[in-house]
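Following: one structure in structure tokens, then a few remarks.
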Amino acid sequence: MSTSDSYIPTPTELVEVIDETPTIKTLVLAPAEPMSFKAGQFIQLTLPGVGEGPFTPSSSPSHPERISITILRTGTVTERLHECRPGQVLGLRGPFGKGYPIDKLAGKEVLVVGGGVGLAPLRALILTLLDDLDPIKRMSIRYGARGMEELLFRREYDQWASHAKVDMQVTIDNPQPGWQGPTGVVTTLLKDLDMTLPECTAFVCGPGIMLQFTTQALEAEGLTAEQIYLSMNRRMSCGMGLCGRCNIGKYYLCKDGPDMNYALIKDAPNVF
Amino acid sequence: MTGQYLSRQKLAEALADEQCLWSAAGEQVEVCEMIAGLSEPRSPLSPKGWLYPSLQSVGQYGDGFTSPPAEAPAPRAIIGLRACELAALKYLDKMLLEGQFQEPVYRSRRKSAVLVSTDCAAAAPTCFCTSVGGLPLADDGYDVNLSPVEGGFVVDVASDRGRAWLAAAGLECIPASADQLAQRDRIRRAVTEAVESQNRSTGLEVAQGQSLVLPDDGDPAWQRYAADCVECGACTNICPTCYCFYLYDQALGPGLFERVRTWDSCILGTYHRMAGTTSNMKPTPRPRLRSRLANRVLHKFTYAPQQCGLLGCVGCGRCIEACLGAIDLRQVVGELQP
Ligand SMILES: Cc1cc2nc3c(=O)[nH]c(=O)nc-3n(C[C@H](O)[C@H](O)[C@H](O)COP(=O)(O)OP(=O)(O)OC[C@H]3O[C@@H](n4cnc5c(N)ncnc54)[C@H](O)[C@@H]3O)c2cc1C
Ligand code: SF4
Ligand code: SF4
Ligand code: FES
């Protein structure tokens, strides 16, 4: 995509709609030309005439010809995106942002912490690491959702955790009939972490309040701010570091993030 | 080419034939008005309105097609730019053209414009360029600079583009006399001193590129100023360096859509508002007006120097002039800086 027309989305066919949970759907897009992206980079998805919103693909970057966007229904545009049918043409701009610092993870124990739809962007990270587990020491996934029916990508957990280097723990907020696993918010899975803390790098994605409590919990466990990456959400429009609205201090999340090392932003007010 | 002289009469004749824009809002105005304006203080509006229009189609798209925005307008000379406006363009160039992505509308207009600047022969009461590392005279960034002197202008040409414009406009200069050059220097010194003296009491003194340490946008210290703000957005609109925008889509017909870029204002509550209405999602990271006001000032004086090495405020004083709440940026920064 050239830089001159990057305000204008590239027409992209919607080829599949997957009902994930009562509030979340995955839209699978087949761009006319594969759009290569790095895990953690995001795209701007246009519903023609309705509007545009930033979303981080949940699919593996090794399949740029089929990009999955996993979307929580929460407002005007996402409501209408949920009504889309295969065959419809949507628009794509991007990719934008830095992406996860995967090349810095060699020899690390990677802790992935997700809340709700926050597992969507993290799935791209998980799949990327699963593609080649050799460089890292371990990947531990901790995930929480409001209830059983809101657990995202549930059919994939066993497969993820089938690798010797990978483990996964899942919790739902309150007990529910048929649920044998832990209950409570996701931070309850972060007590007494059985990880080698100095070798740990944590990636956190979820609603603002979850980011806040997870960061507190990780710091209480002994992780430093430098070891924590947060997927920060701000209102976005251009995605290109131009429109000015997504700043935390001197950083623009669309350009310097959206995953930010907590050490860079921890002193800014209103971070969460 | 420096130190040439051009009579007022000759300039007026040439401009009458030329497609020129008066720097203020990039409008076409009567030549006599343009010439008179060259000896007046900077105008209330800056050329941002033409170089970076407030509302602009950035292209169309539809079922299976996209089309780029309309071509850039024909090259124009913008007459009467002030040093602060050139400084604003330098800043906008850094922020909008020197990153990974370039702002297409600004780029095409900026590239097509011939910049004809003028020294300030008088200052507005709110001018404070000298407090933010500037001077009321252009020393950089112009194609042609005109320094008003008795009967005409001392002309400096800084680029081939400027030379070509002078030639195309049939403007032939003669060497300036020693008297004319001395007069130019006298006027420059006098206006510089006038700006300095009208700002001495503000205590504001920032070097170009210096990142100020100010209270962060969560600090209640900003409330004193935010209390007078009525959230009108005039300050960001009028500011030659404010460039925040918003993209929206509109339908032109069945299957045909247009994307529009419009100025936005970080002062407004809607600017940062995020999705989600449930209690565990924060609708905006800056719910308080005082945080938004702080963010505007912090961007100019703290973040911009960190981001691009330049202050985001050029001291034109327009936001002070325009503010419905009579908030004086000089006072705000002067009082809050350590
Ligand atoms: C980097 C990043 C990645 C993200 N990744 C994901 C993800 O993978 N999955 C996910 O579910 N969410 C993700 N989000 C959040 C997602 O972008 C928002 O939930 C979504 O944009 C909400 O849009 P909405 O219109 O439905 O919500 P609303 O609350 O209706 O609107 C949000 C804002 O958009 C504006 N807006 C609404 N409609 C229009 C319109 N028609 N035209 C112009 N403006 C309009 C509104 O003014 C409002 O302030 C991500 C956010 C960011 C910043
Ligand atoms: S902040 Fe005010 S004084 Fe500074 S450049 Fe903008 S309008 Fe001019
Ligand atoms: S011009 Fe003054 S009143 Fe209006 S938004 Fe700016 S600071 Fe507030
Ligand atoms: S979304 Fe425009 S600057 Fe980040």
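Numbers at a glance
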| quantity | calculated |
| --- | --- |
| Residue tally, condition more than 19 Å from the chain's Cα centre (by Cα) and within 16 Å of ligand 4 (Cβ to nearest atom), over the stretch B:296-333 | 1 |
| Residue in the stretch B:192-202 that is under 23 Å from B:ALA24 (Cα atoms) and crowded, with 20+ Cβ neighbours inside 10 Å present | yes |
| Which numbered condition B:TYR246 misses (of (1) open to solvent by less than 30 Å² (accessible area, probe 1.4 Å); (2) hydroxyl-bearing (Ser, Thr, Tyr); (3) within 15 Å of ligand 4 (Cβ to nearest atom)) | (1) |
| Failed condition for A:GLY75, given (1) out of contact with any Asp or Glu (no Cβ under 7 Å at 6 or more places or on another chain); (2) within 10 Å of another protein chain (Cβ to nearest Cβ); (3) farther than 23 Å from A:LEU122 by Cα | (3) |
| Those residues of the stretch B:297-318 which are open to solvent by 20 Å² or more (accessible area, probe 1.4 Å) and assigned to a helix (DSSP H, G or I), in sequence order | B:HIS299, B:TYR303, B:GLN306, B:GLN307, B:CYS308 |
| The one condition in (1) free of Cβ contacts under 8 Å to residues at least 12 places away in the same chain; (2) open to solvent by less than 30 Å² (accessible area, probe 1.4 Å); (3) in contact with a Ser or Thr (Cβ under 9 Å, 6 or more places away or on another chain) that B:GLY253 fails to fulfil | (3) |
| Number of the exception - B:GLY141 against (1) in a strand (DSSP E or B); (2) under 15 Å from the mean Cα position of the chain (by Cα) | (1) |
| In the stretch B:109-142, residue farthest from B:GLY317 (Cα to Cα) [restricted to those that are out of contact with any Pro (no Cβ under 8 Å at 6 or more places or on another chain) and within 14 Å of chain A (Cβ to nearest Cβ)] | B:LYS111 |
| Unique residue being crowded, with 22+ Cβ neighbours inside 10 Å, without any contact (Cβ under 8 Å) to a residue 40 or more places away in the chain and more than 30 Å from B:GLU335 (Cα to Cα) when the list is B:SER117, B:SER108, B:SER159 | B:SER117 |
| Per-region count, the stretch B:1-53, residues outside any loop (DSSP other than H, G, I, E, B) and small (Gly, Ala, Ser) | 10 |
| From the options B:GLN9, B:GLN28, B:GLN60, B:GLN100, residue that is within 30 Å of A:THR12 (Cβ to Cβ), in contact with a strand residue (DSSP E or B) (Cβ under 8 Å, 6 or more places away or on another chain) and open to solvent by 40 Å² or more (accessible area, probe 1.4 Å) | B:GLN60 |
| Check on B:GLY276, modelled with pLDDT of 80 or more, surrounded by fewer than 19 Cβ atoms within 10 Å (Cβ to Cβ) and in contact with a Pro (Cβ under 9 Å, 6 or more places away or on another chain) | no |
| B:TYR91 vs. criteria assigned to a helix (DSSP H, G or I) and hydroxyl-bearing (Ser, Thr, Tyr) | yes |
| Single unsatisfied condition, B:LEU55 versus (1) at pLDDT 80 or above; (2) over 23 Å from B:ALA234 (Cα atoms) | (2) |
| The stretch B:311-327 - residue that is more than 6 Å from ligand 2 (Cβ to nearest atom) and aliphatic (A, V, I, L, M) and, of those, farthest from the other protein chains (Cβ to nearest Cβ) | B:ALA326 |
| Residue identified as of a type in the set (S, T, N, Q), over 30 Å from A:MET148 (Cβ atoms) and away from every other protein chain (no Cβ under 14 Å) among A:SER6, A:SER36, A:SER59 | A:SER36 |
| Qualifying residue in the stretch B:79-92 (condition: more than 28 Å from B:ASP328 (Cα to Cα), in contact with a Gly (Cβ under 7 Å, 6 or more places away or on another chain) and buried (at least 19 other Cβ atoms within 10 Å of the Cβ)) | no |
| Single condition B:ARG76 does not satisfy, out of (1) at pLDDT 95 or above; (2) open to solvent by 10 Å² or more (accessible area, probe 1.4 Å) | (1) |
| Total residues in the stretch B:220-239, condition within 15 Å of ligand 2 (Cβ to nearest atom) and not aliphatic (A, V, I, L, M) | 8 |
| Residue that is nearest to the other protein chains (Cβ to nearest Cβ), among those in the stretch B:282-291 that are within 17 Å of B:ARG224 (Cβ to Cβ) and open to solvent by 10 Å² or more (accessible area, probe 1.4 Å) | B:ARG288 |
| Pairs with Cβ under 7 Å, 6+ apart, first in the stretch A:220-249 and within 16 Å of ligand 2 (Cβ to nearest atom), second open to solvent by 10 Å² or more (accessible area, probe 1.4 Å) and in a loop (DSSP other than H, G, I, E, B) | A:GLY244/B:CYS244; A:GLY244/B:CYS266 |
| Failed criterion for A:ILE126 (all others in (1) free of Cβ contacts under 8 Å to residues at least 60 places away in the same chain; (2) open to solvent by 30 Å² or more (accessible area, probe 1.4 Å); (3) not in a loop (DSSP other than H, G, I, E, B) hold) | (2) |
| Selection status of B:CYS242, within 14 Å of chain A (Cβ to nearest Cβ) and under 14 Å from B:ASN295 (Cα atoms) | yes |
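The values are calculated or read from the model by the stated rules, or taken from the named source; none is laboratory data. As the structure is a computational prediction, the values presented were derived from the model and not from experiment. All Cβ positions, glycine included, derive from the backbone under ideal geometry; neighbour counts span all protein chains shown. When the accessible area is computed, the model is the full protein with side chains, heavy atoms only, and any ligands, DNA or RNA have been set aside. Shrake-Rupley method; radii C 1.70, N 1.55, O 1.52, S 1.80 Å.
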